[in-house]
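Quick notes on the structure that follows.
No value in this document is a laboratory result; all are computed from the given coordinates. These numbers were taken from a predicted model, which means no experiment stands behind them. Cβ placement follows ideal geometry from the backbone for every residue including glycine, while neighbour counts extend to all protein chains displayed.
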Amino acid sequence: MADKGFVGMCDVELCAWNENNDCKAPAITVEKRKSHADCDTFLNEENPWSGQE
Ligand code: SF4
């Protein structure tokens, strides 16, 4: 069972869910990489097929 939490603050200004460093997504998924974590809910409305670097 997945842990539940909330996003306290996000500084990914390019994400369409971000409003003044506040995540407005109803839920997010975070993926663990080798050396860091990525938000899989990241959405770039100008280029929806691009991923977060
Ligand atoms: S969806 Fe992810 S990247 Fe976008 S504002 Fe929320 S936490 Fe940040």
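Table for the structure above
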{"quantity": "Residues of segment 1-33 satisfying the condition of being among the aliphatic types (A, V, I, L, M) and over 20 Å from ASN44 (Cα atoms)", "calculated": "MET1, ALA2"}
{"quantity": "Residue that is surrounded by the most Cβ atoms within 10 Å (Cβ to Cβ) [pool: residues in segment 36-49 that are within 21 Å of ASP3 (Cβ to Cβ) and more than 10 Å from the ligand (Cβ to nearest atom)]", "calculated": "ALA37"}
{"quantity": "Residues satisfying the stated conditions in segment 13-31, i.e. near the ligand (Cβ under 9 Å from one of its atoms), within 17 Å of ASP3 (Cβ to Cβ) and part of a strand (DSSP E or B)", "calculated": "CYS23, VAL30"}
